[in-house]
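A quick write-up on the structure given underneath.
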Amino acid sequence: MTEREFELSRRDLLRYAAQGAALVGTGSLADLSRRRTARSSATTAASPRVKRGGTLQAGLSGGSSSDTLDPQNWVNLVDGARVYSLFNPLVDFDLDAHPVLSLADELEASSDAMKWTIRVKPDIEFHNGKTLSADDVLFTFQRIVSPKTPALGAISLKALDIAHAKKIDKYTIQIPCLTPFSPLADILASYDFFVVPVGFDLKHPIGTGPFKYESFTAGQQSTFVKNKNYWESGLPYIDRLVISDLPDEVSQVNGLGGGTLDVIDLLSADSIAPVRSGGNNVIITKGGGYTPFTMRVDQPPFNDVRVRQAFRLICDRNAMLRTVFSGNGKVGNDVFGLWDAAYDSALPQREQDIEQAKSLLTKAGHTHLSVTLVTSAIGSGTVQVAQVLKQQAAQAGVTVNLKEVTSSEFFGPNYLSWTFAQDYWNYYPYFSNVLQGTLAGAPFNECHTNNAAYTSLYKKAVATLDEHKRAEIAHEMQQMEYSGTASGYIIPYFNPVIDGYASRVHGVTSSKTGLPLGAYGFKSMWLS
């Protein structure tokens, strides 16, 4: 795919581009931001028992030896926990997965959507005492799209002419666009656009986040201390945050029960009772994240759409939710973007059909198929649900051999190359997820999809400012995913996010994004 094909990158131009001017509603975004801040302040004022100080010990899963502190190139969820502690984006998701202003005070498009004005809040300090300015925002964008070392979000900014962006005043920049481009607010909320200062040094990471860097050992542990000059009034409450990579769920539960850990994440339903029996708490979130099975459409046997559809029909989705998550979560239909207005909930719900699966496999010449599924404890219940699929596949005469690897190996050199595996996705609105995962050249195209008709529909969708037309086009694309012609995903469910926390921990919330522990809201947690 050429660069021109990505010029109108990432998401569906939705909600905030409804008017002809294709403006992101800066008023509505600002109002959302103020309401979120107001809620935080009200909670603090109404909670006189809040106790400041102490060290919070977080035991998180999914880390690896390739862990990073780079806020624009993080991959696994333990990376995310560190990034959210050290940095802030211009635009963030609130707990309902809606975009809200964070470091940005204003985000406004020109009437023809060919120019963006971004103004940051005044008087925000980096950890080293430097005041956040327009220079830092420009540097951040330039770092992301660096020709020599482009960051993961670079592909999402192809429509922006960042080379000709300019500083207007101390806090304001303007960025021209190569083509009309309205979805910037949604894109900037999507996890890869945290702001760093001019001259950012990854060995000594400086951000604006609630915690400051103290130490970091990849695959093992990182320590952060309270940012006393944090810009969100009154936060954080704790003095120190220690994040440890845990190899498995048993280690997490044992650590919480033994008192060496305060919060743990991404649990299966099997851990709910042990956590509670130890006098600790469980929070279950209905997130929009998912843990798909990934089938490479360019390698046998999954290069045959009949095989891909057969595997989808093998899945008893409700049984997977019952077995692994005690019925929590939402049944999936092999299409992502659950909270997006363009999500097609009218698609017929796919049910298990063993006879039809057998028929498809026979027509494809695979009556005694044997495949290897690479699984790892990289997300909620991934290993357990792989075991369930193995049992269900046997009903169709398919042998699924499980290859369980460590998270370090999973995210190692073979990541995105496994023929049949699993993964973990946070919530992305529909077109944003398309740009990240299912277009040719997408940074996380783990199924290696490359469908010209699908790409053509995508370009048509992001080129129109009519949200109803965009939704119609999105439904066409989702039909192609549902039919298997443009997708190698099996999305049997949108998994619940099950986290555990000690009885002495307060302020734990949930987030529809699918990020654990309220999108790693350590800044709002306190210890009694």
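Scanning segment 414-441 for residues that are among the small types (Gly, Ala, Ser) and surrounded by fewer than 18 Cβ atoms within 10 Å (Cβ to Cβ) yields 417, 440, 441.
Given the criteria modelled with pLDDT of 90 or more, in contact with a helix residue (DSSP H, G or I) (Cβ under 8 Å, 6 or more places away or on another chain), more than 30 Å from residue 232 (Cα to Cα) and aromatic (Phe, Trp, Tyr), does residue 501 qualify? Before the answer, list the steps.
Numbers: modelled with pLDDT of 90 or more: yes; in contact with a helix residue (DSSP H, G or I) (Cβ under 8 Å, 6 or more places away or on another chain): yes; more than 30 Å from residue 232 (Cα to Cα): no; aromatic (Phe, Trp, Tyr): yes.
No: the conditions fail for residue 501.
Being of a type outside the set (Gly, Ala, Ser), closer than 27 Å to residue 245 by Cβ and buried (at least 20 other Cβ atoms within 10 Å of the Cβ) is the requirement here; does residue 373 meet it? Here the answer is yes, as residue 373 does meet what is asked. Of the listed requirements (1) over 24 Å from residue 61 (Cα atoms); (2) over 20 Å from the mean Cα position of the chain (by Cα), residue 419 misses just one: (1).
When restricted to residues that are surrounded by fewer than 21 Cβ atoms within 10 Å (Cβ to Cβ) and over 17 Å from residue 78 (Cβ atoms), segment 236-259 contains 7.
Taken as a whole, the structure leaves residue 272 outside the set of residues that are under 19 Å from the mean Cα position of the chain (by Cα) and closer than 12 Å to residue 501 by Cα.
Of the strands (runs of 3 or more DSSP E) entirely within segment 205-318, those holding at least 1 residues that are of a type in the set (Ser, Thr, Tyr) and under 28 Å from residue 357 (Cβ atoms) occupy 293-295. Scanning segment 49-90 for residues that are among the β-branched types (Val, Ile, Thr) and crowded, with 24+ Cβ neighbours inside 10 Å yields 78, 83.
For residue 159, the conditions (1) in contact with a Leu (Cβ under 9 Å, 6 or more places away or on another chain); (2) modelled with pLDDT under 95; (3) surrounded by fewer than 21 Cβ atoms within 10 Å (Cβ to Cβ) are fulfilled apart from (3).
Quick one: would you say residue 146 is small (Gly, Ala, Ser), closer than 30 Å to residue 251 by Cβ and in a loop (DSSP other than H, G, I, E, B)?
Working: small (Gly, Ala, Ser): yes; closer than 30 Å to residue 251 by Cβ: no; in a loop (DSSP other than H, G, I, E, B): yes.
No.
Of the strands (runs of 3 or more DSSP E) entirely within segment 64-109, those holding at least 1 residues that are farther than 24 Å from residue 524 by Cβ and assigned by TED's automatic domain parsing to the domain that holds residue 176 occupy 104-109.
Among the candidates 518, 514, single out the residue that is surrounded by fewer than 24 Cβ atoms within 10 Å (Cβ to Cβ) and not assigned by TED's automatic domain parsing to the domain that holds residue 327. Spell out how you get there, then give the answer.
Details: 514 fails: surrounded by fewer than 24 Cβ atoms within 10 Å (Cβ to Cβ).
Within the list 518, 514, the selection yields 518.
Pairs linking a residue in segment 142-158 that is under 17 Å from residue 202 (Cα atoms) and assigned by TED's automatic domain parsing to the domain that holds residue 68 to a residue that is of a type in the set (Lys, Arg) and buried (at least 16 other Cβ atoms within 10 Å of the Cβ), with Cβ atoms under 7 Å and 6 or more positions apart or on different chains, are 151/143.
In segment 390-399, the residue that is surrounded by the most Cβ atoms within 10 Å (Cβ to Cβ) out of those that are in contact with a strand residue (DSSP E or B) (Cβ under 6 Å, 6 or more places away or on another chain) and under 22 Å from residue 495 (Cα atoms) is 393. Among the candidates 468, 475, 448, the residue that is outside any loop (DSSP other than H, G, I, E, B), touching a residue at least 12 places away in the same chain (Cβ under 8 Å) and farther than 30 Å from residue 57 by Cβ is uniquely 475.
The values are calculated or read from the model by the stated rules, or taken from the named source; none is laboratory data. Every value quoted in this text rests on a predicted model; they were computed, and no experiment measured them. Cβ atoms come from the backbone with ideal geometry, glycine included; neighbour counts cover every protein chain shown.
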